[in-house]
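Trainee: The following block contains the structure, expressed as structure tokens.
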Amino acid sequence: MNSQTCFFDVSTRGKGLHEITSQVQSILQSTSIREGVVTVFIRHTSASLVIFENADPSASRDLESFFERMVPEDAGGYSHTLEGPDDMTSHIRMALTRTSEVVPISKGKMVLGTWQGIFLFEHRRAPQSRQIAVNVTGC
Amino acid sequence: MNSQTCFFDVSTRGKGLHEITSQVQSILQSTSIREGVVTVFIRHTSASLVIFENADPSASRDLESFFERMVPEDAGGYSHTLEGPDDMTSHIRMALTRTSEVVPISKGKMVLGTWQGIFLFEHRRAPQSRQIAVNVTGC
Amino acid sequence: MNSQTCFFDVSTRGKGLHEITSQVQSILQSTSIREGVVTVFIRHTSASLVIFENADPSASRDLESFFERMVPEDAGGYSHTLEGPDDMTSHIRMALTRTSEVVPISKGKMVLGTWQGIFLFEHRRAPQSRQIAVNVTGC
């Protein structure tokens with residue numbers, strides 16, 4: 001059994017989904033773990049994680065549009081707006097998606113389904129540098 | 001310490017919650033692990049997981065109705081509709097619930113509360129075969 | 001490698017976010033694990049977990065208000081209302097946030113970002129006693 005945690009950064013260029021599957025796979029492959037779990041964790045409260053359809057870009061765009069309608073920036077009524085109209089909405093959209101995802105490992109590979117990719121979901125308008133922590137535990 | 005990943009299939013007959021607690025428990029019991037974690041992972045982007053009230057069927061029905069209203073199929077405006085009006089809404093409903101859940105193990109059992117069950121949440125209208133991966137890690 | 005699960009209780013005094021980061025940190029520090037994962041799990045279906053902004057109380061209040069609007073108690077149409085108007089809405093708000101969160105450990109500490117705290121999100125109006133399970137696995 002072994003367990004190790006490492007980090008990588010992602011530069012986002014505004015709102016939307018950014019696939020990070022290959023970075024997570026590289027970290028797994030740098031270990032010799034064949035059975036276990038990969039934990040992906042985003043160290044921010046205005047961006048989140050989601051495992052999503054990675055074949056058709058229209059699915060990502062529709063998801064982004066849905067969140068614009070469900071948590072609208074122009075709804076008013078927010079107090080936490082120091083950083084602009086996308087400040088509080090970013091925290092809410094994060095709370096409605098995920099901060100951590102855990103993917104089992106079988107025979108040295110993550111068991112992602114055919115259409116599943118791991119995505120960083122950026123909720124701020126401006127470019128950001130985001131840090132992802134990845135732990136691999138297993139044997 | 002030990003870690004092992006296995007799989008089982010669930011046949012769904014349309015939208016709604018399908019309890020999978022007993023299948024996950026069986027996998028845990030097939031190991032000799034007493035302290036650790038069970039990771040449950042669904043390998044799909046149009047179905048999801050949720051840990052939910054498992055005593056009163058009216059709670060499940062109310063949850064399903066809420067998702068029909070919150071992410072309506074007849075809302076229009078989606079691009080990703082190749083597989084029908086329940087295509088994009090399935091991805092959104094999945095993103096709003098969970099792909100992975102992790103349950104601690106204490107004294108050889110999952111620490112689920114009295115009313116908690118592990119459910120597959122099917123978002124497509126048609127019957128589907130869904131695959132669940134379960135990893136058990138611990139000692 | 002080692003793995004251990006323990007528990008603590010939280011008394012809530014009505015709806016809202018209650019930070020539990022320090023309790024989880026204490027459990028981690030009671031182990032000698034330097035690299036691994038902390039799994040936090042709430043054993044209830046009418047309260048949930050969320051990792052959220054812990055610096056500005058207005059962010060918590062805005063999140064709570066958003067959930068009141070998104071899942072309103074006076075919407076009608078629920079069947080599962082035996083325990084009052086906050087019964088079914090609590091289950092829905094739980095389903096939209098999280099039951100488990102997993103935080104990687106690096107150099108003996110959880111890798112939480114600067115503004116991240118771990119919160120219990122209480123969805124019932126009346127005071128409750130809630131139980132949290134924490135597993136620490138690693139080496």
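Trainee: Test of understanding: in a Gaussian network model of chain C with alpha carbons linked when under 10 Å, which of C:Arg98, C:Arg125, C:Arg61 would top the mean-square fluctuation ranking?
Mentor: C:Arg61
Trainee: In square nanometres, what is one fourth of the surface area of the convex hull spanned by the alpha carbons of segment C:63-105?
Mentor: 4.0 nm²
Trainee: Any idea of the accessible area per residue across chain A, 1.4 Å probe, to the nearest Å²?
Mentor: Roughly 37 Å² per residue, with all protein chains present.
Trainee: Using a label position 7 Å from Cα in the Cα→Cβ direction, what is the ascending list of nm distances from B:Phe7 to the same site in the other copies?
Mentor: Copy-to-copy label distances at B:Phe7, shortest first: 3.6, 3.6 nm.
Trainee: Here is a further query. At A:Pro85, with labels set 7 Å past Cα in the Cβ direction, how many nm apart are the copies from this one, shortest first?
Mentor: Result, one decimal in nm: 3.2, 3.2.
Trainee: Assume the label is 7 Å from Cα along Cα to beta carbon: what separations in nm does B:His18 have to the matching positions in the other copies?
Mentor: 3.7, 3.7
Trainee: Have a look at A:Val111, A:Val24, A:Val40 and tell me which one the Gaussian network model of chain A (Cα, springs below 10 Å) gives the largest fluctuation.
Mentor: Result: A:Val111 has the largest fluctuation of those listed.
Trainee: I've got another one for you. Between chains A and C, what is the buried accessible area summed over both chains (1.4 Å probe, protein heavy atoms, nearest 100 Å²)?
Mentor: Interface between A and C: roughly 2500 Å².
Trainee: Something else: In Å and whole numbers, how far do the C-alpha atoms of segment C:13-60 stretch along each principal axis, longest first?
Mentor: 35, 27, 17 Å, listed from the longest principal axis down.
Trainee: Next up: Which whole-number percentage describes the relative contact order of chain A, with Cα contacts under 8 Å and a sequence gap of 6 or more?
Mentor: Reported relative contact order: 56 percent.
Trainee: Any idea how far the Cα center of segment A:112-139 sits from the one of segment A:70-102, in Å?
Mentor: Taking the Cα centre of each part, segment A:112-139 and segment A:70-102 sit 18 Å apart.
Trainee: Shifting gears a bit: Kirkwood Rh over alpha-carbon pairs of the protein assembly as shown, then Stokes-Einstein at 10 °C and 1.306 mPa s: what D in µm² s⁻¹, rounded to an integer?
Mentor: Answer, rounded: 75 µm²/s.
Trainee: How large is the accessible surface of A:Phe7 in square angstrom, using a 1.4 angstrom probe and rounding to the nearest 10?
Mentor: Solvent-accessible area, nearest 10 Å²: 80 Å².
Trainee: Please give the residues of segment B:53-81, grouped as numeric ranges, whose backbone N is less than 19 Å from a label point set 7 Å along the Cα-to-Cβ vector of A:Ser58.
Mentor: Answer for segment B:53-81: B:72-81.
Trainee: Based on DSSP H runs of at least 4 residues, each adding -39500 (n - 2.57), what is the mean residue ellipticity at 222 nm of chain B after dividing by all its residues, to the nearest 500 deg cm²/dmol?
Mentor: For chain B, the value works out to -7000 deg cm²/dmol.
Trainee: What size of dipole, in debye to the nearest 20, comes out for segment B:25-139 about its Cα centre when the only charges are +1 on Lys and Arg C-beta atoms and -1 on Asp and Glu C-beta atoms?
Mentor: Value, rounded to 20: 540 debye.
Trainee: What's the long-distance tail for segment B:76-136, i.e. % of Cα pairs beyond 15 Å?
Mentor: The calculated P(r) of segment B:76-136 puts 64 percent of pairs beyond 15 Å.
Trainee: Which residue is it, in chain B, whose C-beta lies closest to the B-to-C rotation axis, and what is that distance in whole Å?
Mentor: It is B:Met1, 2, counting Cβ atoms only.
Trainee: Taking each pair of different alpha-carbon atoms in chain C once, compute 1/r for the pair, average those values, and report the inverse of that mean as the Kirkwood hydrodynamic radius in Å to one decimal.
Mentor: 15.8 Å
Trainee: Pick out which of B:Gly16, B:Gly108, B:Gly76 has the largest mean-square fluctuation in a Gaussian network model of chain B, springs linking Cα atoms closer than 10 Å.
Mentor: B:Gly76
Trainee: Distance check, please: which entries in A:Lys107/C:Lys109; A:Lys15/B:Lys109; B:Lys15/C:Lys109 exceed 32 angstrom between their Cα atoms?
Mentor: A:Lys15/B:Lys109; B:Lys15/C:Lys109
Trainee: Next question. Once the dipole of chain C is set up with Lys and Arg at +1 and Asp and Glu at -1 on Cβ about the Cα centre, which of C:Thr97, C:Tyr78, C:Thr31 lies farthest towards its positive end?
Mentor: Checking the options against the dipole of chain C, the answer is C:Thr31.
Trainee: For segment B:33-94, what size does the Cα cloud have along each of its three principal axes, sorted from largest down, in whole Å?
Mentor: The principal-axis extents, from largest down, are 50, 27, 14 Å.
Trainee: State the percentage of accessible surface on segment A:41-101 attributable to carbon and sulfur atoms; use a 1.4 Å probe and exclude ligands, DNA and RNA.
Mentor: It is 48 percent, rounded to a whole number.
The values are calculated or read from the model by the stated rules, or taken from the named source; none is laboratory data. All figures in this text were calculated on a predicted structure; none of them were measured in a lab. Glycine also receives a Cβ, built like all others from the backbone with ideal geometry; neighbour counts cover every protein chain displayed. Just the protein is used for accessible areas: all its heavy atoms, side chains included, with ligands, DNA and RNA removed. Shrake-Rupley method; radii C 1.70, N 1.55, O 1.52, S 1.80 Å.
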